[in-house]
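Structure record follows, encoded as structure tokens.
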Amino acid sequence: MAMKYSYDIDAIYESPEYTYKEAYVRAMNARELAELEEKVPMTAPEKRALRKWVASGHSWRESPGSRYVCDIGMDFLDVYRTDHEIAAATRGMTRAEKEAYIKEYTGYTDPTAEERERYEAVKATPAYVQKKYEKLYRQMLLLWRYLAEEGLWDEATGYLEEHKDDEIPVEFSFIL
């Protein structure tokens, strides 16, 4: 049963009195869903699940979270299909067999001894040191982004390459 929406989203956005309202978002999500259903072939269960997801206030572009894989960049339909494919393939398998199948499916590799050691070292690091490190790391990323946007990336990387063996002119004891 198709739902009728009485909102003209384009006109609403053009209006100078526009304010965010949940009904507008629901109408926009419903319109996008209708467009998607015209373009993408789906099975009846997929349509039902997708319509239920959109009716609950979500966009079809949002991920509901996968049971099996990291779903970064996946929309609802991708996650739904992937989860059902894995569930069908692993039906009847033991827990260990399922785990092995999912690792192979996702391309997961166990961490090396060096990586495990690094993970343990990070876990053992006091929280205040981790926070300071994260703050410095964010500042450094912002600095590199600024350099890239200003066209100074090549000059900065060239300078670092020339001076990589120099003594660091900054005292890092302030971190601790």
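Since every read-out is calculated from the coordinates, none of them should be taken as a lab result. Quick caveat, the model's predicted, so the values are computed rather than measured. Backbone-built Cβ (ideal geometry, glycine too); neighbour counts: all protein chains shown.
Along the Cα→Cβ direction, 7 angstrom out, place labels at Leu141 and Tyr101. What is the inter-label distance in nm?
Simple spin-label model gives 3.6 nm for this pair.
Hey, got the dipole for the chain? About the Cα centre, +1 on K and R Cβ, -1 on D and E Cβ, debye to the nearest 20?
On the way: 25 positive and 35 negative charges, 299 e Å.
Here the size comes out at about 1440 debye.
Give the longest segment of the chain that steers clear of GluC sites (Glu not before Pro) in DSSP loops with at most 13 neighbouring Cβ atoms within 10 Å, not counting the sites themselves. Don't skip to the end; give the middle numbers.
Numbers: sites that count: Glu17, Glu150, Glu167, Glu171.
Value returned for the longest uninterrupted segment is 18-149.
Which entries in Lys132/Lys164; Lys98/Lys135; Lys52/Lys131 show an alpha-carbon gap greater than 29 Å? Walk me through the numbers before you get to the answer.
Values: Lys132/Lys164 24 Å; Lys98/Lys135 39 Å; Lys52/Lys131 40 Å.
Beyond 29 Å: Lys98/Lys135; Lys52/Lys131.
Taking a ≥ b ≥ c as the square roots of the eigenvalues of the Cα gyration tensor of segment 113-164, is the shape rounded (a/c under 1.5), prolate (a/b larger than b/c) or oblate?
Numbers: a/c = 3.40, a/b = 1.93, b/c = 1.76.
Cα axes put segment 113-164 in the prolate bin.
For helix 95-106, report the angle its Cα long axis makes with the longest principal axis of the Cα atoms of the chain; keep it between 0 and 90° and round to the nearest 10°.
It is inclined by approximately 80 degrees.
Where nothing but the Cβ of Lys and Arg (+1) and of Asp and Glu (-1) is charged, how large is the charge dipole of segment 113-164 around its Cα centre, in debye to the nearest 20?
Charge dipole, segment 113-164, about its Cα centre: 520 debye, nearest 20.
Got a sec? How would Ile86, Ile102 order by Cβ neighbour count within 10 Å, fewest to most? List each step's numbers first, then the result.
On the way: Ile86 19, Ile102 16.
With the fewest neighbours first, Ile86, Ile102 line up as Ile102, Ile86.
Per the helix-only calculation at 222 nm, which mean residue ellipticity applies to the chain, given -39500 (n - 2.57) for every DSSP H run of n ≥ 4 and division by its residues, nearest 500 deg cm²/dmol? Before the final figure, lay out the partial values.
Values: 8 runs with 108 residues, N = 176.
So the calculated ellipticity at 222 nm is -19500 deg cm²/dmol.
Considering the chain, what Rg and Dmax in Å follow from its alpha-carbon atoms?
25.0, 71
Dividing the convex hull volume of the alpha carbon atoms of segment 63-109 by its residue count, what do you get in Å³ per residue?
In segment 63-109, the Cα hull volume divided by residue count equals 65 Å³.
Which of Tyr133, His84, Ala100 sits closest to the plus end of the dipole of the chain, meaning its Cα is farthest towards the positive end, when Lys and Arg get +1 and Asp and Glu get -1 on the C-beta?
Sorting the options by dipole projection puts first His84.
Which of His84, His58 comes first, and how do the rest follow, when ranked by fewest Cβ neighbours within 10 Å?
Numbers: His84 14, His58 17.
Ascending Cβ contact count within 10 Å gives the list His84, His58.
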